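**Q** Pasting a structure below so you can have a look.
Coordinate-derived values only; no laboratory data. Because the structure is a prediction, the values reported are computed rather than measured. FYI the Cβ positions are ideal-geometry reconstructions off the backbone, even for glycines, and counts take in every protein chain you see.
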Amino acid sequence: MSQPKLSIQLNCPLPKLDFDVITLGHGSGGILTHRLLDTGVFNILKNDLLIEQHDGAVLKFDGPVAFTTDSYVVTPIFFPGGNIGELAVNGSINDLAMCGAIPEYLSLSFILEEGLRMDEFWEVLLGIKKASEAAGVPIVTGDTKVVERGKGDKVFINTTGLGRIHPKASIHANRARPGDVVLISGSVANHGVAILSVRQGLEFETTITSDTQPIHKPVLNLLDELGGDVKFLRDPTRGGVATVLNELAIQSGYGVEIIQKDIPVSEQVEGACEMLGLDPLYVANEGIFISVVSEAQSTNALKILQRFDPASSIIGRVVADHPKQVVLHSRIGGKRIVSMLPGEQLPRIC
């Protein structure tokens, strides 16, 4: 078998295996399954808990724990800025952070389609390793299944995360009050446009890359320094910024007003959205989050976020007017209601 040239270089070359592609035998539980796991998953992702190879992991926690799970079915599985493996790791880490938790452990489950190229599977594994090590959150248990050709789409991944709740965290939309400030931690719509550009074969002057990344470090900094003044956290993945703001308005019972000119969108992404007829507010993101903090601490919150991403911005406020609705103040001085995404704008983005 020839050695593939992987886009992620982590000194983990594809080992000599009997097959160039995943077969149904790799999901049988027999010799091929163990060879795939031993040479791949356990070898690449090894840590003290995973290497025990139990049916589960025995963990210890003190105090309240956040628990989240998510499945990833993005197509294509490789895109500018990452792959489905990195996305799966970062996604569950970020969901824990949005609960006000300190991510500590992940589980990892694969559903592989018969015929998936082995070098593609290895690159996904290396993406998982890269993301897990960068975030400092180990994978401690998991599962692998194989389905017949045509009954999957190369690879689906499920990750489950566990983390301790930060001692200063009290995160819920019902804590928002009129006057509280809405912030965003980076530029909008990069991920969805990156996926669409690959899927449709679109070319721009510069490559638009996914923003997939862990966001727990800026969140933990906010909680460390501002504590209970951080009231709401949510990452705008499917449905984008517009959907998260509507969830905030509905769950809090108050209105939300946002300022269009203050919402950070790169020129390249904004131009791509105009060309494709997309509203950046509804396009998916994978490495930014929306926070609501007290007005008194809004300036400090912005300074904290800008340590990690200078594009972070204050984009609006919680208001008593127009309860349960989001209103956008446009660049030209008008106003419009921003509703929740009514259907599917970009399929299969996470």
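**Q** For the chain, with equal point scatterers placed on the C-alpha atoms only and solvent neglected, what are the log10 I(q)/I(0) values from the Debye formula at q = 0.07, 0.09, 0.11 1/Å, to two decimals?
**A** Values returned for q = 0.07, 0.09, 0.11 Å⁻¹ are -0.32, -0.52, -0.75.
**Q** Out of GLU86, GLU257, GLU267, any idea which swings most in a Gaussian network model of the chain, alpha carbons joined below 10 Å?
**A** Greatest mean-square fluctuation among the candidates belongs to GLU267.
**Q** Once the stretch 173-337 is represented by equal point scatterers at the alpha-carbon sites, with solvent omitted, what log10 I(q)/I(0) does the Debye formula produce at q = 0.13, 0.21 Å⁻¹?
**A** -0.59, -1.40
**Q** Please work out whether the stretch 142-268 counts as rounded, prolate or oblate from its C-alpha gyration tensor, where a ≥ b ≥ c are the square roots of the eigenvalues and a/c under 1.5 means rounded, while otherwise a/b larger than b/c means prolate and anything else oblate?
**A** oblate
**Q** If you don't mind, another one. By how many nm would the segment from MET275 to ARG348 grow when fully extended, if each residue of separation counts as 0.36 nm and the alpha-carbon distance is taken off?
**A** Gain on stretching MET275 to ARG348: 24.2 nm.
**Q** Rounded if a/c is under 1.5, else prolate if a/b beats b/c, else oblate: with a ≥ b ≥ c from the C-alpha gyration tensor eigenvalues square-rooted, which is the stretch 248-349?
**A** oblate
**Q** Students often get this wrong: which residues of the stretch 153-184 have the backbone nitrogen under 13 Å from the point 7 angstrom along Cα-to-C-beta of GLU295?
**A** The answer is 177-182, whose backbone nitrogens lie closer than 13 Å to the label point.
**Q** Jot down the radius of gyration and Dmax of the stretch 24-165, Cα atoms only, both in angstrom.
**A** Cα only, the stretch 24-165: 14.8, 45 Å (Rg, Dmax).
**Q** Also, quick follow-up: Kindly state, to the nearest 0.05, the FRET efficiency for LYS168 paired with GLU267, given R0 = 30 Å and r defined as their beta-carbon distance.
**A** On the way: r = 38 Å, r/R0 = 1.25.
For R0 = 30 Å, the calculated efficiency reads 0.20.
**Q** Also, quick follow-up: Can you pull out the trypsin sites (Lys or Arg not before Pro) in the stretch 17-113 whose DSSP state is coil and whose Cβ has at most 13 other Cβ atoms within 10 Å?
**A** LYS46, LYS60
**Q** Could you calculate the FRET efficiency of MET340 with SER28 from 1/(1 + (r/R0)^6), where r is the beta carbon distance between them and R0 is 35 Å, rounded to 0.05?
**A** Details: r = 44 Å, r/R0 = 1.27.
Plugging the Cβ-Cβ distance into 1/(1 + (r/R0)^6) gives 0.20.
**Q** To continue, here is another question. Starting from the Cα of LYS168, draw a straight line to each of the lysines and keep only those under 28 Å, dropping any in the same chain fewer than 8 residues away.
**A** Candidates past the 8-residue exclusion: LYS60, LYS217, LYS231, LYS303, LYS324.
**Q** Under a Cβ-Cβ cut-off of 12 Å, what is the net charge of the residues other than ARG177 that fall near it, where Lys and Arg count +1 and Asp and Glu count -1?
**A** Details: positive: ARG175, LYS231, ARG317; negative: ASP180, ASP229, GLU295.
Charge balance in the 12 Å sphere: 0.
**Q** Does anyone have the angle between helix 118-135 and the longest principal axis of the chain? Alpha-carbon axes, 0 to 90°, nearest 10?
**A** In the chain, helix 118-135 runs at an angle near 50 degrees to the longest axis.
**Q** Tell me the net charge near PRO214. Cut-off is 12 Å between Cβ atoms, PRO214 excluded, with +1 for each Lys or Arg and -1 for each Asp or Glu.
**A** Taking every other residue near PRO214 into account, the sum is -4.
**Q** Given the Cα-Cα distance of ILE332 and GLN306 and 0.36 nm per residue of separation, how much length would full extension add, in nm?
**A** On the way: separation 26, 0.36 × 26 = 9.36 nm, distance 2.72 nm.
Result: 6.6 nm gained on full extension.
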